[in-house]
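Heads up, the thing below is written out as structure tokens.
The values are calculated or read from the model by the stated rules, or taken from the named source; none is laboratory data. None of these values were measured; they are calculated from a predicted model. Note that each Cβ is placed from the backbone with ideal geometry, even for glycine, and that neighbours are counted across all protein chains shown. We work out accessible area using only protein heavy atoms, side chains counted, and drop any ligands, DNA or RNA first. Shrake-Rupley method; radii C 1.70, N 1.55, O 1.52, S 1.80 Å.
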Amino acid sequence: MHGDPVTAKLMATSDSSEWQRVGRLELDFATDHPQGLIRVGDRWFLSTVRIPEGEPGSPDLSVPGDGYVIEVGREGGVGVERRRLLLSDGMAYHPGGIADDGANLYVPVSEYRPDSSCLIYKIDLETFQPVGDPVAFPDHIGALSIDQARRRIYGMSWASRRIYVWDYDWNLVYANKNPIENVAYQDIDFGGGSTLACGGVMTFDLNGMEINNGGIDLIDTNTWLPFHRIMISTKTHTGRLLTYNAFSHRLDYPDLHLLFVPDDDEDSQVEIFKV
């Protein structure tokens with residue numbers, strides 16, 4: 001398990017490690033509120049939600065919004081929109097973290113509230129169109145990741161409260177409460193072996209003061225317990241923690257790049273670090 005190159009690199013990274021920022025990719029299109037990021041070959045895909053505006057500072061959850069998955073190309077130091085697919089069905093319009101099986105992309109699109117419901121879309125990577133009907137599931141799925149070797153699909157609910165595992169036919173083979181209660185995972189990324197890298201944020205009280213921090217947990221999918229945690233306090237120019245939203249990795253051996261898209265709208269950019 002720990003011999004996998006991605007896992008080994010992350011395990012060698014600690015709270016005191018020097019993270020090397022190696023770039024930022026500006027996103028030259030309407031990004032709205034990014035949720036998931038994944039690389040398939042030399043192509044990138046971003047899921048995002050356009051939230052209906054309600055009272056200042058809060059969404060209007062009484063009307064539908066729009067959920068998208070976007071194919072992102074790169075022109076120099078700028079990310080451009082190649083293709084965009086609208087994935088919404090009434091009040092189910094909030095896409096989560098996305099996954100792939102090599103030929104298809106999987107995008108969970110949920111109602112914008114916990115303990116709700118979800119439609120999981122299968123998108124052909126060549127045609128960029130849905131394949132068949134979406135799979136309905138009775139919970140908000142906030143993130144997906146796939147172990148192609150073991151043919152398992154991993155999912156976590158809103159704020160990672162619950163864990164689900166399906167086979168490739170969407171038969172549920174495992175479901176349980178997440179034993180990790182102090183981190184709300186925002187995106188999950190299969191790292192190889194039996195390891196999920198889970199990026200998220202944690203909030204705790206310190207003498208009456210609310211403290212926020214970010215982190216990446218390495219979780220063994222055999223036990224669903226973390227065996228390594230990297231605390232992350234790095235923030236973007238807006239003051240948002242790196243692990244606030246979309247998170248992914250890219251292994252260009254021997255270098256491991258971690259990619260984050262924490263910010264919304266015109267502030268969105270891909271933050272790229274080498275570890």
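Are any of the residues in the range 198-207 surrounded by fewer than 16 Cβ atoms within 10 Å (Cβ to Cβ) and closer than 24 Å to Thr48 by Cβ?
Looking through the range 198-207, at least one residue is surrounded by fewer than 16 Cβ atoms within 10 Å (Cβ to Cβ) and closer than 24 Å to Thr48 by Cβ.
Determine whether Val80 is surrounded by 18 or more Cβ atoms within 10 Å (Cβ to Cβ), among the aliphatic types (A, V, I, L, M) and part of a strand (DSSP E or B).
So Val80 does not fit the description; no.
So is Ser116 at pLDDT 95 or above, among the hydroxyl-bearing types (Ser, Thr, Tyr) and more than 28 Å from Leu251 (Cβ to Cβ) or not?
Criteria met by Ser116.
Output the residue which, of all residues in the range 59-77 that are of a type in the set (D, E, K, R) and either over 13 Å from Tyr93 (Cβ atoms) or modelled with pLDDT of 90 or more (or both), is farthest from the chain's Cα centre (by Cα).
Glu75
Can you find a residue that is open to solvent by less than 40 Å² (accessible area, probe 1.4 Å) and in contact with a Pro (Cβ under 8 Å, 6 or more places away or on another chain) anywhere in the range 87-94?
Among the residues of the range 87-94, at least one is open to solvent by less than 40 Å² (accessible area, probe 1.4 Å) and in contact with a Pro (Cβ under 8 Å, 6 or more places away or on another chain), which makes the answer yes.
Mind checking which residues of the range 83-107 are in contact (Cβ under 8 Å) with a residue 60 or more places away in the chain and either of a type in the set (Asp, Glu) or part of a strand (DSSP E or B) (or both)?
Those that are in contact (Cβ under 8 Å) with a residue 60 or more places away in the chain and either of a type in the set (Asp, Glu) or part of a strand (DSSP E or B) (or both): Pro95, Ala99, Asp100, Asp101, Leu105, Val107.
When you go through Arg74, Arg24, Arg39 one by one, which is the residue that is open to solvent by 50 Å² or more (accessible area, probe 1.4 Å), of a type outside the set (Val, Ile, Thr), farther than 24 Å from Leu105 by Cβ and outside any loop (DSSP other than H, G, I, E, B)?
Residue meeting the stated conditions: Arg24.
Looking only at the range 137-147, decide whether some residue is open to solvent by less than 10 Å² (accessible area, probe 1.4 Å), of a type in the set (D, E, K, R) and either in contact with a Cys (Cβ under 9 Å, 6 or more places away or on another chain) or at pLDDT below 95 (or both).
Yes, some residue in the range 137-147 is open to solvent by less than 10 Å² (accessible area, probe 1.4 Å), of a type in the set (D, E, K, R) and either in contact with a Cys (Cβ under 9 Å, 6 or more places away or on another chain) or at pLDDT below 95 (or both).
Kindly provide the set of residues from the range 45-71 that are assigned to a strand (DSSP E or B) and open to solvent by less than 50 Å² (accessible area, probe 1.4 Å), ordered by number.
Passing the criteria: Phe45, Leu46, Ser47, Thr48, Val49, Gly67, Tyr68, Val69, Ile70, Glu71.
Of all residues being open to solvent by less than 60 Å² (accessible area, probe 1.4 Å) and assigned to a helix (DSSP H, G or I) in the range 236-251, which is nearest to Pro95 (Cα to Cα)? Just the residue, please.
Looking at the filtered set, the residue picked out is Thr243.
Which residue is nearest to the chain's Cα centre (by Cα), if the candidates are limited to the range 149-183 and must be surrounded by 18 or more Cβ atoms within 10 Å (Cβ to Cβ), closer than 26 Å to Thr13 by Cα and of a type in the set (A, V, I, L, M, F, W, C)?
Met156
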